[in-house]
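Asker: This is the structure, below, for whatever I ask next.
The values are calculated or read from the model by the stated rules, or taken from the named source; none is laboratory data. Remember, predicted model here, so these are calculated numbers, not experimental data. Note that each Cβ is placed from the backbone with ideal geometry, even for glycine, and that neighbours are counted across all protein chains shown. All accessible areas refer to the heavy atoms of the entire protein, side chains included, with ligands and DNA or RNA removed. Shrake-Rupley method; radii C 1.70, N 1.55, O 1.52, S 1.80 Å.
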Amino acid sequence: MGMLYGREREQAAVDALLDGARDGRSGVLVLCGEPGIGKTALLDHAVAAAGDAFRVVRATGVEYEAELPFAGLSLLLAPGLDRIPALPAPQRRSLEAAFGLGEGGGAPADRLLTGLATLGLLAELAAEQPLLCVVDDVQWLDRASLDALLLAARRLQAEGVALLLALRDAGPAGGGAAGPAARGGADALPSAGLPVLRLGGLAAPDAERLLDARVGGGPAADGIRRRLLAEAAGNPLALVELPFTEAESEAGGLALTSRLQIAFHGQVTGLPPATQTLLLVAAAEENGELDVVLAAATALGVGADALAPAEQAGLVAVGAGRRLAFRHPLLRAAVLQRAPHQQRSAAHRAIGGALEDGDRRTWHLVLAAAGPDADLADALERAAVRAESRGAHGGAAAAYERAARLTPDRDGATRRLVLAAEAATEEGKLEQAEELADRARARTDSVFAHALLDQVRAVAHFWRGDYPAAYRLLLNAAATDIEPSHAARMLLQAFHAAWYAGEEEVAAVLDRMAALPLAAEEPLAPLARHLPAAVLPALGRPADPVPALRDTVEAARQAGAESPGDLVQLCGAALILGRDAETLSLAAELVAEARAKGVVGVLPTLQFFLAEAELFHGRHRDAEVTASEALTLARDTGQHQWSSQLAALLACVAALGGADDRCVELAGAALVSGSSAPAAGAPWAQWALGLLDLGRGRASVAADRLHALTTGPYRHHVGATRAVPDLVEAAVRLGEPERAAEPYERFARWAGAAAAGTAGAPWAEALRLRCQALLGPDELAESAYLAALALHEGANRPFEQARTALLYGEWLRRERRRTDARPHLGAALETFERLGAGPWADRARAELTATGGAAPAPVEAAPGVLTALTPQELQIARLAARGMTNRDIAAQLFLSPRTVGHHLYKAYPKLGIASRTELAALF
């Protein structure tokens, strides 16, 4: 490795990353900069500095016109494939499917689970010694590999892994040519939340030292040196590669990247024609497999001896595993760009002939095709199907779209364009999906195809925040002459969009769903019957009787509904109707099922519903633990909608506990929207801030915030509905009860529907009675409070019961019945302190003191050593107390075993214990 000039700061950052891994801490660093700025040199420095103390795995992204799923990741993790059996079964199966290692015919790979399996495999590779994982030219990794690597990077904690990534950006030098993978990679990293170290040009003294090391000094060369230093602008590659001549560069007006490529053109042009042909084959072959390159070159009439001149010129080198590598990616790009199209096609054809059957062979033959080719189109569609089975929808979209171009008949090409649009939607490539959908739509009159394409467009609108447009497209598509089973799936999506579009839209979707002529054996039939029956009454609309939730779940499973994916809507529907206990039970069951199956994507949604139910049952700490894990997972997997919802729910927990700064911080994060529409968590965030104001005695601010929430476009949301009693309290304290009149009337209707039937919720009626007691008339207040407290008994909602007792005690004190008030205020105080609800405990204590009673001194936190643990430490400690091993806990929480051990090690001193055996007694 040569000397690095002027990179002391960057070398120190890399060395700190390695030091952390030596101490068992994991870390990530992304090196970012223009081509030639020295990123690869810093990677080489890291490998050298790691030495024998580290295990090193390394890969490089390669610019390529095709998208070969998991090509980059499989090369990176090849040294660890023997460790795959150590992974939890769902992760192992997903990674094997992604890499095409299994027998075939197994379950398809799950994109998120493959990312977690990547984390697990990196941890396994670091089991005996620290691991340095180095990836160069990340912008050219295939999207499937990049997604898996980024998910693993975000969840690294205490495995002893140093992950060092190098990413080219456009920068002042320009970006050069970029294929589909480059665009996908560059787009993905800015939002990855990883530490970035941006490399700039060398300072003038360092640039001069580097140039002197190349050519030496001397007065005769001063003019050339000055020109070259000015042209290079501190770019190390330019200082080394730009021609050192007296003649002014003909490319002086071009971007630096283009000038470097022209310099590389000159170096290649001087080689023998056979060597130039062999270099073209090497540039077109994406994996650097020397045997394949030589076999393809032989087919073009070029022997292996043609490689020597390129090696002697230092343009290429053969490394470990007989891998052929160019000196710099710009050199490879220059070789490809200078070759006429006919020569590039011939090279791809020869490479395809040198490869055995497989997707790589197919893609090279496709890149050589001169026109439509039905056989090649069929082969490429099969490659697309395989890509989808590996969870690589981006690769599938590229294959379907290219297959459509090769398809001779119009209908076949249109069908493949539809498949490409659907795959691009699954990948989250919304603009590409819409463009493909528009192309397909213009080619067909098929009603079913148009419905599918409208579904694609609706998903794009939904993720951009245009919920009304998504709702309209899905509702109209479901109304066309398509199979009821397809219409049911579209209406379930439309229900989600309508939830954010407005109350009337929700009702319209559910009315349409209820009228669907679905056969009883259809997988979605039980859901299509249950959702309208459960949600319409909560909106004050007539509906059929609500089936028992457990009956619906069982019927859906027997009919073949996907579990837990299809059943998640039932958890939300039960909350809408106030059947919180049903949600608590079903969501917990589905979370456990999702963990066991490794169904990662749906977990944040399920855990959001579970945390809501836990919070409503007064299990504030449980809700915090559940939502904290879900928020991390949602952020790590890019689920922005659920990140917003979960941050807002945690803001509510913080408000109840009097953690003002944390509440405001979380609510602010929840309210950040990536579109023109309000963030998904806006209702919960506004409720959290209103609760904070109410608990701190800021009744006016609380009333303003809660009135806007409970009368606004999201008034039908769960958070808005449950906030009405808080609005009533704030408005009455202000002496403006009329502000709560209309929301209370709606809440009273909702409470009646929630409390109806054998599965009804008496606590909802208790809250209504509390509101009635506050709103008056005053002579009926006591009977309403007493009736509410009677209904609270046995409802397992201690926080709301304590709030009712507090309000009743306050009323009794104002009526000068201090003796009667004290038991209720004392009970409320005890509950608030047990739950850690500081603001309400302060109010109860002040009221109790005002009655002349002896109020206990305030406590800093709820009693018990468990409050000292972070949510993740508490979650891990609970599982360890059940006797689960670190590996079992890691599999359940999608962490590495070493991270689990790290958190237990931190938890023991806080708990005042020294070993695992003492945990059980604490729980």
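Asker: Looking only at segment 827-837, how many residues end up being in contact with a helix residue (DSSP H, G or I) (Cβ under 6 Å, 6 or more places away or on another chain) and either part of a helix (DSSP H, G or I) or not small (Gly, Ala, Ser) (or both)?
Answerer: Qualifying residue count for the region: 7.
Asker: Here's another thing I want to ask about it. Out of segment 531-543, which residues are open to solvent by less than 10 Å² (accessible area, probe 1.4 Å) and over 30 Å from Arg464 (Cβ atoms)?
Answerer: Ala533
Asker: Tell me, yes or no, whether segment 400-422 has at least one residue that is at positive phi and open to solvent by 40 Å² or more (accessible area, probe 1.4 Å).
Answerer: Within segment 400-422, not a single residue is at positive phi and open to solvent by 40 Å² or more (accessible area, probe 1.4 Å).
Asker: Then there's this: Go through Leu806, Leu866, Leu904 for me and flag whichever is at pLDDT 90 or above, part of a helix (DSSP H, G or I) and within 38 Å of the chain's Cα centre (by Cα).
Answerer: Result: Leu904 is the single residue among Leu806, Leu866, Leu904 that is at pLDDT 90 or above, part of a helix (DSSP H, G or I) and within 38 Å of the chain's Cα centre (by Cα).
Asker: From the list Gln569, Gln645, Gln607, which residue is polar (S, T, N, Q), in contact (Cβ under 8 Å) with a residue 60 or more places away in the chain and under 16 Å from Val718 (Cα atoms)?
Answerer: Gln569
Asker: Still on this structure: Condition test on Pro909, is it open to solvent by 80 Å² or more (accessible area, probe 1.4 Å) and modelled with pLDDT of 90 or more?
Answerer: Yes; evaluated as a whole, the condition is true for this residue.
Asker: Still on this structure: Of (1) farther than 19 Å from Asp359 by Cβ; (2) more than 26 Å from the chain's Cα centre (by Cα); (3) modelled with pLDDT under 95, Val47 satisfies all except one. Which?
Answerer: (3)
Yes/no matrix, rows are residues, columns are (1) over 22 Å from Leu610 (Cα atoms); (2) crowded, with 24+ Cβ neighbours inside 10 Å; (3) acidic (Asp, Glu):
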{"position": "Ser673", "(1), (2), (3)": "yes, no, no"}
{"position": "Val724", "(1), (2), (3)": "no, yes, no"}
{"position": "Ala731", "(1), (2), (3)": "yes, yes, no"}
{"position": "Glu742", "(1), (2), (3)": "yes, no, yes"}
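Asker: With respect to Asp291, determine if the residue is open to solvent by 20 Å² or more (accessible area, probe 1.4 Å), over 18 Å from His328 (Cα atoms) and either under 44 Å from the mean Cα position of the chain (by Cα) or touching a residue at least 60 places away in the same chain (Cβ under 8 Å) (or both).
Answerer: Yes.
Asker: A follow-up question, please. Looking at (1) more than 30 Å from Ala920 (Cβ to Cβ); (2) open to solvent by 40 Å² or more (accessible area, probe 1.4 Å); (3) free of Cβ contacts under 8 Å to residues at least 40 places away in the same chain, can you tell me which one Asn886 breaks?
Answerer: The single condition Asn886 does not satisfy is (1).
Asker: With the requirement that a residue be within 43 Å of the chain's Cα centre (by Cα) and either over 24 Å from Arg739 (Cα atoms) or open to solvent by less than 10 Å² (accessible area, probe 1.4 Å) (or both), what does segment 764-787 give you?
Answerer: Ala764, Ala766, Arg770, Cys771
Asker: Now for a different question. Output yes when any residue across segment 46-54 is open to solvent by 10 Å² or more (accessible area, probe 1.4 Å) and in a strand (DSSP E or B), and no when none is.
Answerer: Taking every residue of segment 46-54 in turn, none turns out to be open to solvent by 10 Å² or more (accessible area, probe 1.4 Å) and in a strand (DSSP E or B).
Asker: Within segment 1-18, does at least one residue satisfy the condition of being within 26 Å of Arg898 (Cβ to Cβ) and part of a strand (DSSP E or B)?
Answerer: no
Asker: State which residue is nearest to Ala634 (Cα to Cα) when the search covers only segment 145-157 and only residues that are open to solvent by less than 10 Å² (accessible area, probe 1.4 Å) and either in contact with a Gly (Cβ under 7 Å, 6 or more places away or on another chain) or aromatic (Phe, Trp, Tyr) (or both).
Answerer: Leu151
Asker: Additional query: Do any helices (runs of 4 or more DSSP H) lying entirely in segment 539-658 carry at least 2 residues that are under 18 Å from the mean Cα position of the chain (by Cα) and of a type outside the set (Lys, Arg), and which ones are they?
Answerer: The qualifying helices (runs of 4 or more DSSP H) are 580-597, 603-616, 620-636, 640-657.
Asker: Select from segment 654-677 the residues that are free of Cβ contacts under 8 Å to residues at least 40 places away in the same chain and under 23 Å from Arg715 (Cβ atoms) and list them in ascending order.
Answerer: Passing the criteria: Cys663, Leu666, Ala667, Gly668, Ala670, Leu671, Val672.
Yes or no, residue by residue, for (1) farther than 29 Å from Ala333 by Cα; (2) in contact with a helix residue (DSSP H, G or I) (Cβ under 7 Å, 6 or more places away or on another chain); (3) part of a helix (DSSP H, G or I):
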{"residue": "Asp357", "(1), (2), (3)": "no, no, no"}
{"residue": "Val366", "(1), (2), (3)": "no, yes, yes"}
{"residue": "Ala383", "(1), (2), (3)": "no, yes, yes"}
{"residue": "Ala398", "(1), (2), (3)": "no, yes, yes"}
{"residue": "Ala421", "(1), (2), (3)": "yes, yes, yes"}
{"residue": "Ala460", "(1), (2), (3)": "yes, yes, yes"}
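Asker: Within segment 423-455, restricting attention to residues that are of a type outside the set (A, V, I, L, M) and in a loop (DSSP other than H, G, I, E, B), which residue is most open to solvent (accessible area, probe 1.4 Å)?
Answerer: Only one residue fits best here, namely Asp445.
Asker: Among the candidates Ala508, Ala588, Ala520, single out the residue that is within 28 Å of Pro743 (Cα to Cα) and open to solvent by 30 Å² or more (accessible area, probe 1.4 Å).
Answerer: Just one listed residue meets the conditions, Ala508.
Asker: Is it fair to say Arg489 is of a type in the set (Lys, Arg), within 27 Å of Ala449 (Cβ to Cβ) and part of a helix (DSSP H, G or I)?
Answerer: The answer is yes for Arg489.
Asker: Return the only residue of Ala232, Ala213, Ala247, Ala188 being surrounded by 17 or more Cβ atoms within 10 Å (Cβ to Cβ), more than 30 Å from Arg155 (Cα to Cα), aliphatic (A, V, I, L, M) and at pLDDT below 90.
Answerer: Unique residue meeting the criteria: Ala232.
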